[in-house]
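The values are calculated or read from the model by the stated rules, or taken from the named source; none is laboratory data. A quick note: this is a predicted structure, and the numbers were derived from the prediction, not measured. A quick note on method: Cβ atoms are made from the backbone with ideal geometry, for glycine too, and the neighbour counts reach across all protein chains shown. For the accessible areas, the whole protein counts, side chains as well, though only heavy atoms, and no ligand, DNA or RNA atoms are used. Shrake-Rupley method; radii C 1.70, N 1.55, O 1.52, S 1.80 Å.
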Amino acid sequence: GGQERQLRSGTENVAAIVAMAKALRLALERYERDIGRLQALKDEWLEALLAIPDIEINTPRDGAAPHIINFSLKRGVKPEVFVHELEKRGIYVSTTSACSSKKKAPSKTLLAMGLGEDRAERGIRISLSFDNSREEIAPVVAAIKQAIKTLSEVTE
């Protein structure tokens, strides 16, 4: 029938609607409770990454998403190879957002920020969540340094 604005007719899934409402409420409560901690965690990540001379931080200090960190590798280290080198250590990062992962093009976001195609092509993205902790920073930064060192030696 056409009584459902040309959508498939039938009884609404009330249980799913209630479950979705509860999930949204819980997510909003967690956001309100933990967003300050996540922003502080991101700031600590940025400080640690700034100490690595072989990368350039792309994430602005203010006005950026609280869960995304982006940096560009020095020239000579291929981002895809770097991602796989970290995977060997159980660390998972990406070269771009999931919705752009199949495209072999520089990050549109980094280009829109005016960073240039070369730097955008060398971008690495770390996604944080409310479940991340401060204790994860040092070992991941150490792995990033080691991966850069290893790959730099191979490409020289």
Quick check of the Kirkwood formula: for the stretch 105-156, what is the inverse mean of 1/r over all pairs of different Cα atoms, in Å? 13.3
In nanometres, what is the gap between the two model label sites at LEU111 and ASN13, each 7 Å from Cα along Cα-to-Cβ? 3.7
Mind telling me which of ASN70, ASN132, ASN58 comes out most flexible in a GNM of the chain, alpha-carbon contacts under 10 Å? ASN132
Per residue, how much accessible area does the chain show when a 1.4 Å probe rolls over the protein heavy atoms, in square angstrom? 65
Which one, ARG25, ARG37, ARG75, has the greatest fluctuation when you compute a Gaussian network model over the chain with C-alpha springs under 10 angstrom? ARG25
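Could you compute how fast the chain diffuses translationally, taking Rh as the Kirkwood radius over C-alpha pairs and applying Stokes-Einstein at 37 °C with viscosity 0.692 mPa s? Give it in µm² per second.
182
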If one computes the Cα centroid of the stretch 34-72 and of the stretch 117-142, what distance in Å separates the two points? 8
Within straight-line cross-link reach of LYS42, aspartates and glutamates at Cα separation under 15 Å, skipping those fewer than 8 residues along the same chain: ASP34, ASP62, ASP131, GLU135, GLU136
